[in-house]
Amino acid sequence: MSGNGAQKQPLLDLRGLSLSFGGLTVIDGLDLHVDEHEIVSVIGPNGAGKTTLFNLITGAYRPDEGDILLDGESLVGLPSHKINQRGVARTFQTLRLFLNMTVKENVMAAQYGHTRSSIVEQMLQLPRARREEREINAFAEEKLGFFGERLMGYRWNQPAYSLSYANRRRLEIARATASRPRILLLDEPAAGMNPVETHEITELIGKLREEGGFTILLIEHDMHVVEGISDRVIALDHGVKIAEGSFDQVATNPRVVEAYLGTSAAVTK
């Protein structure tokens with residue numbers, strides 16, 4: 001073991017990450033880290049490169065330069081499903097649920113990439129496949145239980161399309177947690193929500209860390225959410241990190257104000 005003075009390795013570590021599309025640089029020499037059990041929010045105006053960042057981490061895009069390390073091991077070049085198996089799960093700005101499947105089936109589906117029984121065992125319903133199916137069912141119920149009555153009881157067998165928008169957001173997060181991730185990437189979880197729903201989702205994200213034990217990297221436009229839960233905030237503009245620190249430090253940074261407002265005037269609270 002390292003001595004007490006040794007610096008702890010970040011759970012997620014992005015080093016010199018760059019990506020261009022057709023000569024347009026969308027991520028430019030980005031260094032970013034997330035420590036275990038931390039909530040880090042990424043903010044920035046539209047076109048800042050935030051969702052592209054998530055796409056790089058999850059393997060949808062491959063960086064032109066730089067490295068992406070999870071627990072010290074590179075994820076670059078791995079297909080998305082392998083990155084998920086390594087412990088990275090995400091939600092999307094635009095909801096991606098199986099709307100005709102039940103609430104519980106949506107969460108169960110996230111676990112099938114982690115099963116050990118073969119397709120033949122599953123087709124013939126051999127003992128290992130049946131045991132895994134029971135385990136997946138119980139685990140899905142446990143994950144849904146974390147979200148309280150919104151996704152409990154009779155809702156388990158309802159189709160996902162019958163849920164309210166806010167509960168669909170909760171279901172997508174529940175499905176992401178079901179793949180047993182080391183880190184959750186949440187892409188604008190409060191998008192489209194009213195103030196009451198936004199407050200509830202902010203509390204839920206805090207609970208995911210405090211009670212669920214998750215490490216979270218968050219993209220969010222709603223500054224009330226960012227202020228309420230972030231250990232650190234990172235601001236991007238055109239793929240470049242322009243500020244990093246506490247919410248107050250970043251929100252009052254002249255470069256951040258200029259990126260959002262086109263002026264170097266101070267942020268007023």
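Summed over the range 180-208, residues that are more than 15 Å from L97 (Cα to Cα) and under 12 Å from the mean Cα position of the chain (by Cα) total 8.
Note on the range 248-268: among residues that are farther than 17 Å from P45 by Cβ and of a type outside the set (V, I, T), the one that is modelled with the lowest pLDDT is A266.
Among helices (runs of 4 or more DSSP H) entirely within the range 1-115, having at least 2 residues that are over 18 Å from L185 (Cβ atoms) singles out 103-109. The requirement of being of a type in the set (A, V, I, L, M), at pLDDT 85 or above, farther than 30 Å from G66 by Cα and touching a strand residue (DSSP E or B) at 6+ places or on another chain (Cβ under 8 Å) is fulfilled somewhere in the range 90-100, by at least one residue. Screening the range 130-159 for residues that are in a helix (DSSP H, G or I) and in contact with a Ser or Thr (Cβ under 7 Å, 6 or more places away or on another chain) and picking the one that is nearest to K104 (Cα to Cα) gives W156. Here the condition is being among the charged types (D, E, K, R) and within 17 Å of the chain's Cα centre (by Cα); of E220, E227, E244, it holds for E220 alone.
In the range 159-177, which residues are under 19 Å from I216 (Cα atoms) and touching a strand residue (DSSP E or B) at 6+ places or on another chain (Cβ under 8 Å)? If the condition is that a residue be under 19 Å from I216 (Cα atoms) and touching a strand residue (DSSP E or B) at 6+ places or on another chain (Cβ under 8 Å), then I173, A176, T177 are the ones that fit. The criterion of being outside the structural domain of Q111 (by TED's automatic domain parsing), in contact (Cβ under 8 Å) with a residue 60 or more places away in the chain and aliphatic (A, V, I, L, M) does not hold for V76. Residues in the range 190-203 that are more than 10 Å from A166 (Cβ to Cβ) and not acidic (D, E): A191, P195, H199, T202. All conditions but one from (1) touching a residue at least 40 places away in the same chain (Cβ under 8 Å); (2) surrounded by 19 or more Cβ atoms within 10 Å (Cβ to Cβ); (3) closer than 18 Å to G49 by Cα apply to H221; the one that does not is (2).
Looking only at the range 12-60, which residues are under 13 Å from the mean Cα position of the chain (by Cα) and either among the hydrophobic types (A, V, I, L, M, F, W, C) or not assigned by TED's automatic domain parsing to the domain that holds V257 (or both)? Matches in the range 12-60: L12, V34, I39, V40, V42, L53, F54, L56, I57. Considering the conditions (1) free of Cβ contacts under 8 Å to residues at least 24 places away in the same chain; (2) of a type outside the set (S, T, Y); (3) in contact with a strand residue (DSSP E or B) (Cβ under 7 Å, 6 or more places away or on another chain), L17 is excluded by exactly one of them, (1). The set of residues in the range 32-50 being farther than 18 Å from G87 by Cβ, in contact with a strand residue (DSSP E or B) (Cβ under 6 Å, 6 or more places away or on another chain) and not small (G, A, S) consists of V42, I43, K50.
The values are calculated or read from the model by the stated rules, or taken from the named source; none is laboratory data. Just so it is clear, the structure is predicted and the values come from calculations on it, not from any experiment. Virtual Cβ from ideal backbone geometry, glycine too; neighbours counted across all protein chains shown.
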